[in-house]
1. Of all the residues that make up the stretch 70-90, how many are in contact with a Phe, Trp or Tyr (Cβ under 6 Å, 6 or more places away or on another chain) and over 18 Å from ARG121 (Cα atoms)?
2. For the stretch 218-230, check the following and say yes or no: at least one residue is of a type in the set (A, V, I, L, M) and under 15 Å from TRP253 (Cα atoms).
3. Scanning for something more than 27 Å from ILE265 (Cα to Cα), modelled with pLDDT of 85 or more and over 14 Å from the mean Cα position of the chain (by Cα), does the stretch 205-220 turn up at least one residue?
4. If you scan the stretch 137-158, which residues turn out to be within 18 Å of LEU98 (Cβ to Cβ), of a type outside the set (Gly, Ala, Ser) and surrounded by fewer than 15 Cβ atoms within 10 Å (Cβ to Cβ)?
5. How many residues are in contact (Cβ under 8 Å) with a residue 40 or more places away in the chain, closer than 18 Å to ILE222 by Cα and loosely packed, with under 15 Cβ neighbours inside 10 Å if we restrict to the stretch 274-294?
6. Can you report the number of residues in the stretch 190-214 which are surrounded by fewer than 18 Cβ atoms within 10 Å (Cβ to Cβ) and among the basic types (Lys, Arg)?
7. How do the strands (runs of 3 or more DSSP E) wholly within the stretch 229-294 filter down when requiring 2 or more residues that are modelled with pLDDT under 90: which remain?
Amino acid sequence: MKVFIPVVILLLTLGSNLPRGAVASSIGRALARPLVRGGEPDVSAWHGPGSVDSEFCGSIRNTAFNAGENLTYKVSYVVAGVSLSGGEATFKTDLEKLMGKNVYHVVAEGKSYHDILFKVRDKYETYIDTSTLQPYKFMRNVNEGGYKTVENVSFYKATNTAITNTGTYQVPSCIQDVLSAIFYARNIDFSQYKPNDRIPFDMFLDRQVYHLYIRYLGRETIRTKYAKFRTFKFKPLLVKGTMFEGGEKMTVWVTDDPNHIAVRIQSPITVGKVSIDMIDYRNLRYPLSSLVDL
């Protein structure tokens, strides 16, 4: 029983009709609470009752996705009781070579539907080792309503460092970027977890190490805008910020089948509610056996 954590990149790549720069900064920090002491994350604060050892530093191998996989998501908002179509994000995975090594090259792109109101063109890329599922390189190019930022990160496992546009930073030996984390976590074996267990992991974003967790809630059958699915249900920790309320308010549903793809994400935001649904898929590794009916 294996699943993945899609919330970070989906919300990072979908930003239409939000304040200038909100997607690139406020949302990332709302999902990620820095716990850094001397260059290393203070993980002790997260290992209370209900916490379990994370598989993010284990010997996971990819059994969930193939090169050639394509996923499409649609975002919508409810603001002051009015439903608004926001934009869409696509995730594409290819098999390539980087410095002579086999890597999965994953590209996530987000765009707005209503450019005249708020134009979004965001692109995130990661190069992931096919054997360890650890990232070698991460890039993002964000353009949101005139706000622009570019980031390039190279990870060096031998020295536990991340080299960015602005300098070199110490990171834990097991580290993920916001995009590689999704594909790594798709292969976590949840058979060892029970409802309300917390699963922590480390992520590098905006030149900082963040320590995150998700709370596993069990199985649930839901109907999305696309279809009805059997799913696993989660809540990630949110820290109160510009866009999100604090606590475990966001909910994520992923398919109860070997593909482990997200089919719905919902969360309250300061001006209403955001909802993200999977609307199209191609070249999955396995049949979508979690699909109940259309």
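1. So the answer is 1.
2. Residues of the stretch 218-230 of a type in the set (A, V, I, L, M): 222, 227.
Applying the additional criterion that residues be under 15 Å from TRP253 (Cα atoms) yields 222, 227.
For the stretch 218-230, residues of a type in the set (A, V, I, L, M) and under 15 Å from TRP253 (Cα atoms): present.
3. Within the stretch 205-220, none of the residues are more than 27 Å from ILE265 (Cα to Cα), modelled with pLDDT of 85 or more and over 14 Å from the mean Cα position of the chain (by Cα).
4. Scanning the stretch 137-158 gives ASN152, TYR156.
5. Total meeting the criteria: 4.
6. So the count comes out to 2.
7. 251-255, 262-269, 272-282
The values are calculated or read from the model by the stated rules, or taken from the named source; none is laboratory data. What you are looking at is a predicted structure, and each value in this text was computed from that prediction instead of being measured. FYI the Cβ positions are ideal-geometry reconstructions off the backbone, even for glycines, and counts take in every protein chain you see.
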